[in-house]
Amino acid sequence: MNMQECIRYFLGIDGGGTKTALLLKDREGTVLRELCTDACNPMDIGFERAQAVLRSAIDDICAGIDLSETAMFAGIAGGGSLSARQTLAAFFADFGFGVFDCDGDNRNILEAGLGSRDGICAILGTGICVQAKHGDTLHRIGGWGYFIDKGGSGFNLGRDALDAYYSAHDGSGPDTLLTSLIEEKTQCSPEALVSRIYAGGKTFVASFAPLVTEAARRGDRMALSILDTNAHCIARLIFAAENRLPAEMNTVPVVLCGGLSKEPEIVSRLERFLSSHPRLTIECMTCEPVWGAAMAAQKLGKAEESSC
């Protein structure tokens, strides 16, 4: 898309499975506004609802800003397929941005975590997705949605916690500290909780993931087993990503991001599993993914900078 106006502002949007974050910067790199709102994954809530969330957020953060002077990049969970990108692109075209692009939320992580480097990014949030980057070539491993992905996400941890809870309740599994933690969180009976689980869906299930790490810190065997299983699933995807990179790469950065990347119990287990592959080096991303979206927006405007 050719830019007809001077680009003065850069808007980055990170639409995840739990929240949508927006960051608006000026040409000097000053953060003008930040905003966090509801999740906008169209695979979860549908395109109509996702677009409503995005429209309201863009209107709020860009109030008083000339959108024709704004470069925008949106990395949206569930927005990486060709059909999803086309639908989102048609939606964003109506705003009149000077230039814009959209993709899946993995792109935000690649920009913020790897930049110009080759390596691996692992999103460990409500969902999970791993990508290997070599030059301009990307290989995606996992990230096919919670009906398909086997483990390593907040949803998977939460689902495993609930499975342990109900197994202990009906006697088909061992007692676990997760029982009291879940009872404290929900303040309702197992029978009443069922309807809340199915009404709340993926995000609600993922909200139980922190209870697993809490129980593990207190030595609960079931929680420790759940963490081991899920960390192994993450490692399996990272090994598959490593196989996509040239053998001559002596060091392969593995950038972790998402809520689970902030859990020492997850990271320590992952480090142990990856130790058999010495060229893999773990890095935990220090900035939020929305900064990667803002960096992508800046790249969109850079080519036309001389016209301003």
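The values are calculated or read from the model by the stated rules, or taken from the named source; none is laboratory data. Keep in mind the model is a prediction, meaning the values are calculated, not measured. All Cβ positions, even for glycine, are placed from backbone atoms using ideal geometry, and neighbour counts span all protein chains on display.
Results, tabulated for the structure shown:
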{"read-out": "Residue within segment 282-291 that is in the same structural domain as ILE123 (by TED's automatic domain parsing) and over 21 Å from GLY75 (Cβ atoms) present", "value": "no"}
{"read-out": "Of residues in segment 111-138 being part of a loop (DSSP other than H, G, I, E, B) and not small (Gly, Ala, Ser), the one modelled with the highest pLDDT", "value": "ASP118"}
{"read-out": "Filtered residues of segment 22-33 (kept if of a type outside the set (Asp, Glu) and farther than 13 Å from PHE73 by Cβ)", "value": "ARG27, GLY29, THR30, VAL31, LEU32, ARG33"}
{"read-out": "Matching residues, segment 267-286, being over 14 Å from CYS121 (Cα atoms) and under 16 Å from the mean Cα position of the chain (by Cα)", "value": "none"}
{"read-out": "Segment 24-54, subset outside any strand (DSSP E or B) and free of Cβ contacts under 8 Å to residues at least 12 places away in the same chain, residue farthest from VAL99 (Cα to Cα)", "value": "ILE45"}
{"read-out": "Residue check, ALA63 modelled with pLDDT of 95 or more, in a loop (DSSP other than H, G, I, E, B) and either under 12 Å from ASP14 (Cα atoms) or of a type in the set (A, V, I, L, M) (or both)", "value": "yes"}
{"read-out": "Selection count, segment 57-82, where residues are touching a Ser or Thr at 6+ places or on another chain (Cβ under 9 Å) and exposed (fewer than 14 other Cβ atoms within 10 Å of the Cβ)", "value": "1"}
{"read-out": "Test set (1) in a helix (DSSP H, G or I); (2) over 20 Å from the mean Cα position of the chain (by Cα); (3) in contact (Cβ under 8 Å) with a residue 12 or more places away in the chain - ALA90 fails condition number", "value": "(3)"}
{"read-out": "Residue in segment 156-163 that is assigned to a loop (DSSP other than H, G, I, E, B), assigned by TED's automatic domain parsing to the domain that holds VAL194, within 17 Å of ALA223 (Cα to Cα) and charged (D, E, K, R) present", "value": "no"}
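Rundown of residues vs (1) touching a residue at least 40 places away in the same chain (Cβ under 8 Å); (2) part of a loop (DSSP other than H, G, I, E, B); (3) surrounded by fewer than 24 Cβ atoms within 10 Å (Cβ to Cβ); (4) not aromatic (Phe, Trp, Tyr), yes/no style:
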| position | (1), (2), (3), (4) |
| --- | --- |
| CYS102 | no, no, no, yes |
| ILE109 | yes, no, no, yes |
| GLY152 | yes, yes, no, yes |
| SER172 | no, yes, yes, yes |
| THR179 | no, no, yes, yes |
| GLU184 | no, no, yes, yes |
| LEU193 | no, no, yes, yes |
